[in-house]
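Have a look at the structure below before the remarks.
The values are calculated or read from the model by the stated rules, or taken from the named source; none is laboratory data. Since we're looking at a predicted model, the values are computed, not measured. Note: ideal-geometry Cβ built from the backbone for every residue, glycine included; neighbour counts use all protein chains shown.
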Amino acid sequence: MKCLLVQKDITNTDYVTLLRQAAEQEPDIVCFGELSTTGCLYRVQPVESLEHVLHTVSEFPFAVMLGCPVRTDTGMYNVYLFHHRGSCQLYRKIHLFEPMNETTVYQPGTTPGLFETTWGTLGVAICYDIRFPELFTELVQQGATRIFIPAAFPRVRIDDWKRLLVERARENHVTVAGINAVGNDGVNEFGGCTMVVDADGNILTMANETDETMLVVEL
């Protein structure tokens, strides 16, 4: 599976241009970070409808995993979606991060993130979820062969991000890909370090803390 991980600036919401750039690499799957379409955790703001997002990503032949807010009859959710060939699957973030006011904007999900794909069962956890090891154990027990962690992880705690990615991979003997943001949105600076860790806890590739980039990796 040729996977392209997109580390983008938190304020850059033009994911369509990035998808077009990614298409030049002829990937099997392109993965963005948390709330890629809006870049905001701590205040309510206008959001694209889920239908619009799905219509947009459907123009591309490869699979797309993308973070976006989704409004429903029961409230707003911090969602990570998987779209491929007209089929869509969603994960609603379970553990919300109260210090960044996430609990005042979003409702928590209740079901672990498992996407059934051409490449097997992919597990998903979003940002603060990474601090709950039992969630990762459950993902692997339910068949996840790789786990993706989209995030908006602040730079001040970026050493925790790197350490936790390695721990989750090693504890569960599973490859983990973390996709983080960079840049400053006026409230927080984000620390990048998008990276892939193998099942033994070895870092296979890692982006820096400051630059938008796309990492290409075989998973």
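Listing for the model above:
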| read-out | value |
| --- | --- |
| Output for region 189-205, where each listed residue is of a type in the set (Gly, Ala, Ser) and under 17 Å from the mean Cα position of the chain (by Cα) | Gly191, Gly192 |
| Which numbered condition Ile203 misses (of (1) within 20 Å of Phe97 (Cβ to Cβ); (2) touching a helix residue (DSSP H, G or I) at 6+ places or on another chain (Cβ under 8 Å)) | (1) |
| Among residues of region 80-96, those that are part of a strand (DSSP E or B), buried (at least 18 other Cβ atoms within 10 Å of the Cβ) and either charged (D, E, K, R) or more than 14 Å from the chain's Cα centre (by Cα) (or both), counted | 2 |
| Counted residues, region 56-75 - those being closer than 15 Å to Tyr106 by Cβ and part of a loop (DSSP other than H, G, I, E, B) | 2 |
| Condition met for Gly201 (at pLDDT 95 or above and within 21 Å of Tyr15 (Cβ to Cβ)) | no |
| Residues that are surrounded by 13 or more Cβ atoms within 10 Å (Cβ to Cβ) and within 21 Å of Asn184 (Cβ to Cβ), drawn from region 21-43 | Phe32, Gly33, Glu34, Leu35, Ser36, Thr37, Thr38, Gly39, Cys40, Leu41, Tyr42 |
| Filter result (surrounded by 19 or more Cβ atoms within 10 Å (Cβ to Cβ) and touching a Pro at 6+ places or on another chain (Cβ under 6 Å)) within region 1-20 | Leu4 |
| Residue within region 18-29 that is farther than 17 Å from Ala181 by Cα, among the acidic types (Asp, Glu) and within 18 Å of the chain's Cα centre (by Cα) present | yes |
| Enumeration of residues in region 179-208 that are outside any strand (DSSP E or B) and surrounded by 15 or more Cβ atoms within 10 Å (Cβ to Cβ) | Asn180, Ala181, Asp185, Asn188, Gly192, Cys193, Thr194, Asp198, Gly201, Ala207 |
| Residue that is farthest from Phe97 (Cα to Cα), among those in region 30-55 that are touching a strand residue (DSSP E or B) at 6+ places or on another chain (Cβ under 9 Å) and assigned to a helix (DSSP H, G or I) | Leu54 |
| Selection within region 82-135 - within 21 Å of Trp161 (Cα to Cα), touching a Pro at 6+ places or on another chain (Cβ under 9 Å) and hydrophobic (A, V, I, L, M, F, W, C) | Ile94, Leu96, Met100, Val124, Ala125, Ile126, Cys127, Leu135 |
| Complete set of residues in region 141-163 that are out of contact with any strand residue (DSSP E or B) (no Cβ under 7 Å at 6 or more places or on another chain) and farther than 12 Å from Cys193 by Cα | Gln141, Val156 |
